[in-house]
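Have a look at the structure below, then the notes.
The values are calculated or read from the model by the stated rules, or taken from the named source; none is laboratory data. Keep in mind that this is a model prediction, so the values were computed, not measured. Every residue, glycine among them, receives a Cβ derived from its backbone with ideal geometry; neighbour counts consider all protein chains shown.
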Amino acid sequence: MTKIMGIVNVTPDSFWSGSRLQDKEELLQWVRRILSQGADVLDVGGCSTRPDSPQATEQEEMSRLEWGLTAIREEFRQVPVSVDTYRPRIAHRCVKEWNVSIINDVYGGNSDMYDVVAETGAQYVLTWAEKVVQDPVAEMNAFFRERLRMMEQAGVDVVHKVILDPGFGFGKKLEDNYTVLAHMDTLGEFGLPVLAGMSRKSMAYRLLGLTPADVLPATIVLDTVAVQKGASWLRVHDVEEAAQTLKILKALEDNK
């Protein structure tokens, strides 16, 4: 059964303005809504990773996550939470202090991050974000083979803890994203869950000549294909629409 990771951005500069949460009540209203719509996990981010955006400092990112996660945990103590960060020290603190259960690292990690994953026992989203040189599918699979080997050497329980993310939008030309999506089922060789994060991204709005605000229908199409290609997780802004999509796909599967 495909699960939904609902995006919670405590940032002033995320690429879609509709997802920027700047105060406690706004944040809690967003969280209440997406949980009621069917989010399985909250993915909380304090540092925008949109292309060409200035990166928040580690102190800025931690400050945003501190107030955001504290507010969430005051009302939702047991809800599963993921932290969207590539910084090992931030990941470690979030797991220890706010009971975060998933580290969502959009840059593929390094030995320090893998040590954090091994020590904390958190799940880890391993993202392929390297620039495509020639063959997106071959390069993606080679990356995952190498990084999974590194994680095993660091003591990570890869089989039970790692989720693979093809990294749509990171290091890829427009056409590369569609090549990866068309061949995403090749990730089945690893026997691990796969997360697809295409919500309102440039692979939709650039192709269609629109803006992030206009591509919810396109996102639904992309998510539908991703599930058919083996996605175990969808990372989305629009939880209600994703839940409806999954319900229809399940009905189709149940009635083959």
Next item on the list: Looking for whichever is in contact (Cβ under 8 Å) with a residue 24 or more places away in the chain, buried (at least 22 other Cβ atoms within 10 Å of the Cβ) and part of a loop (DSSP other than H, G, I, E, B) here; the options are 83, 116, 100. Which one fits?
Entry: 100
Item checked: Qualifying residues in segment 214-238 (those that are touching a Lys or Arg at 6+ places or on another chain (Cβ under 8 Å) and of a type in the set (A, V, I, L, M)) - the one farthest from residue 35 (Cα to Cα) -> 215
Next item on the list: Would you check which residues across segment 145-192 are within 16 Å of the chain's Cα centre (by Cα), more than 26 Å from residue 206 (Cα to Cα) and among the hydrophobic types (A, V, I, L, M, F, W, C) and list them?
Entry: 162, 163, 192
Next item on the list: Kindly indicate whether residue 144 is out of contact with any His (no Cβ under 8 Å at 6 or more places or on another chain), in a helix (DSSP H, G or I) and closer than 22 Å to residue 104 by Cβ.
Entry: yes
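For every residue, the table says whether it meets (1) touching a Cys at 6+ places or on another chain (Cβ under 6 Å); (2) farther than 29 Å from residue 65 by Cα; (3) not in a loop (DSSP other than H, G, I, E, B).
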residue	(1), (2), (3)
104	no, no, yes
133	no, yes, no
137	no, yes, yes
160	no, no, yes
181	no, yes, yes
Checklist line | Unmet criterion (only one of (1) closer than 25 Å to residue 69 by Cβ; (2) at pLDDT 95 or above; (3) not in a helix (DSSP H, G or I)) for residue 170 | finding: (2)
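Residue-by-condition table, conditions (1) closer than 25 Å to residue 231 by Cβ; (2) of a type outside the set (S, T, N, Q); (3) surrounded by 15 or more Cβ atoms within 10 Å (Cβ to Cβ); (4) in contact with a helix residue (DSSP H, G or I) (Cβ under 6 Å, 6 or more places away or on another chain):
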position: 77; (1), (2), (3), (4): no, yes, no, no
position: 109; (1), (2), (3), (4): yes, yes, yes, no
position: 132; (1), (2), (3), (4): yes, yes, yes, yes
position: 142; (1), (2), (3), (4): yes, yes, no, no
position: 163; (1), (2), (3), (4): yes, yes, yes, no
Next item on the list: Looking only at segment 206-217, decide whether some residue is within 28 Å of residue 145 (Cβ to Cβ) and hydroxyl-bearing (Ser, Thr, Tyr).
Entry: no
Notebook entry, point to check: Applying the selection to segment 214-238, what residues are crowded, with 18+ Cβ neighbours inside 10 Å, part of a helix (DSSP H, G or I) and of a type in the set (Asp, Glu)?
Noted result: 223
Check: Of the residues in segment 193-213, how many are part of a loop (DSSP other than H, G, I, E, B) and either within 16 Å of the chain's Cα centre (by Cα) or within 21 Å of residue 5 (Cα to Cα) (or both)?
Finding: 6
Notebook entry, point to check: What tally of residues in segment 123-158 results from selecting those that are touching a residue at least 24 places away in the same chain (Cβ under 8 Å), closer than 24 Å to residue 198 by Cβ and not charged (D, E, K, R)?
Noted result: 15
Next item on the list: State all residues of segment 48-75 that are in contact (Cβ under 8 Å) with a residue 40 or more places away in the chain, surrounded by 13 or more Cβ atoms within 10 Å (Cβ to Cβ) and assigned to a loop (DSSP other than H, G, I, E, B); if no residue qualifies, say none.
Entry: 49, 53, 56
